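This report concerns only the one structure given below.
What follows is calculated from the coordinates using simple rules that are stated; it is not laboratory data. Remember, predicted model here, so these are calculated numbers, not experimental data. Every residue, glycine as well, gets a Cβ built from its backbone with ideal geometry; the counts of neighbours run over all protein chains shown.
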Amino acid sequence: MNDILKPIWLLDKDIHFLNHGSFGATPIAILNYQQSLRERIEQEPVHFLARELEGLLDEARSQLADFIKIDADDLAFLPNATAGVNTVLRSLNFEPDDEILITNHTYNACRNAVEFVAHRSKAKIVVASVPFPLDSPQQIVEAILEKVSPKTKLALLDHVTSPTALIFPIEALIRELTYRGVDTLVDGAHAPGFVPLDLHSLGATYYAANCHKWLCATKGAAFLYVRKDKQADIRPLTISHGANSPRSERSRFRLEFDWMGTVDPTPYLCVPETIRFMDSLLEGGWSALQACNRALALAARQILCETLGVAIPCPDEMIGSMASIPLGKVPLSWDVLQAKLLDEFKIEVPIVPWIDGSCFVRISAQLYNRLEQYQYLAEALKQIV
Ligand SMILES: Cc1ncc(COP(=O)(O)O)c(C=O)c1O
């Protein structure tokens, strides 16, 4: 681990932790801040949850909205991106023969949610086949647009893909799909803190994302953006007091999403402090942090590809703080390989099975990582596969 930054995280120093991408890792300072909020709740739970919380949520949402450049009125806090994707899919009314467009890189949990709503409504799922390895982002645009038909009602698009760690050309995709009359639901699970976000300019219909991955917020912090004209149709997964609230000074969208029964609200309330804390770690703030992680991911990918004799699988412009490197068909199953790396080499890194029976190793790069860890991973993989 980078010695200067070691005291910032709780991470086990005996593990080479190369998987920030799955669940993030929260700085100790933020965990302490969360604990102080929890203590404040417990001093007078009714006062905090019934009287103070609404204003605190407004404040937290407004600071998140500034960071991702969107109107706070169009944001709802949710515990995770999966909930955001489900909320939209399960609110929409699909007709038999409507088409829902996804890709072969869609995250499994979200694909399951699409299958659930498609099955109940008899809508059709159309899967665009995006190649990987690939030479240019244009191949992604072409693969997706090729599958659009007059029946396409919604496209579920990843901003950053999970198995292949690609930054999709999301601006071009949203622009082209909107032009063709297709609504877009963006799964931006990795995007906040990974790429600079300007949600207003992106123009998606819906955008679900996590704060607990690359923003390094505490677990259970995520958001859903819903374009104003769609807010009346989008209902939370849990119907609660907001559904018949007589209040008129707040939108139904706000009233419903801000109270879905009693939960621990501290993950949401910690988001602004996390944004500020991470911004303070490097001179140059968030953009320096993203550039630093990206440079490390690119250098690590280079080492892995060279050591394993694999061609660089995609252009640098499609890489952020993660990279997937194809391992081909390996002599042991992906889960056995992943467990072997952890048990024998103390490396925590995901091995991702791919559709054609091959697999990838997906590396993450965060401030606590250093280049030698990827060199070590490359040697370990060379030895095993
Ligand atoms: C692309 C993508 N979508 C959705 C998710 C789900 O995130 P969560 O478990 O926080 O809902 C992930 C998690 O890794 C992801 O990579």
Among ASN112, LEU78, ILE68 the positive-end extreme of the charge dipole of region 32-276 (Cβ point charges): ASN112
Can you tell me how much longer the chain between GLU42 and GLU146 gets when fully stretched, taken as 0.36 nm per residue apart minus their C-alpha distance, in nm with one decimal? 31.9 nm
Long-range amide H contacts for ALA128: which residues qualify at under 5 Å (H placed 1.01 Å from N, peptide plane, sequence gap of 5 or more or a different chain)? ILE102, THR103, ASN104
With a cap of 14 neighbouring Cβ atoms within 10 Å, and only residues DSSP puts in a loop, list the GluC sites (Glu not before Pro) found in region 105-153. GLU146
How many angstrom separate the Cα center of region 304-358 from the Cα center of region 110-130? 28 Å
Need the full-extension length gain, ASP356 to ASP279, defined as separation in residues times 0.36 nm minus the C-alpha distance. One decimal, nm. 23.7 nm
If you filter region 236-334 for trypsin sites (Lys or Arg not before Pro), then keep DSSP loop positions with at most 15 other Cβ within 10 Å, what is left? ARG247, ARG250, LYS329
Give the residue list of trypsin sites (Lys or Arg not before Pro) in region 121-156 that are DSSP loop and have at most 12 other beta-carbon atoms within 10 angstrom. LYS122
Between LEU49 and LYS219, what is 0.36 nm times their sequence separation minus the Cα-Cα distance? Round to one decimal in nm. 59.2 nm
Give me the one-decimal nm value for the distance between modelled label points at ARG250 and LEU56, 7 Å along each residue's Cα-to-Cβ direction. 1.4 nm
Report the local net charge at VAL330: Lys and Arg +1, Asp and Glu -1, summed over other residues whose C-beta lies under 13 Å from its C-beta. +1
Expected vector for region 257-265, Karplus 3J(HN,Hα) from phi with 6.51, -1.76, 1.60 and θ = phi - 60°, integer Hz, x for Gly and Pro, equals 7, 7, 9, 10, x, 6, 9, 7, x
If the cut-off is 29 Å between C-alpha atoms, which lysines fall inside it for LYS153, apart from same-chain ones fewer than 8 positions away? LYS69, LYS122, LYS124, LYS228, LYS230
What is the sum of charges, Lys and Arg at +1 and Asp and Glu at -1, for the other residues whose Cβ falls under 9 Å from the Cβ of ILE125? 0
If R₀ is 35 angstrom, what is the calculated FRET efficiency for the pair ALA339 and ALA311, using the beta carbon separation as r and rounding to 0.05? 0.80
Quick one: if you stick a label point 7 Å off each Cα along the C-beta vector at HIS200 and ALA295, how many nm between them? 3.1 nm
Once Lys and Arg are counted +1 and Asp and Glu -1 for all other residues with Cβ under 11 Å from that of SER364, the total becomes +1
Please build a GNM for the chain, connecting alpha carbons under 10 Å apart, and tell me which residue among ALA189, ALA365, ALA243 fluctuates the most. ALA243
Modelling each spin label as a point 7 Å along the Cα-to-Cβ direction, I'd like the GLU379/THR262 distance in nm, to one decimal. 5.4 nm
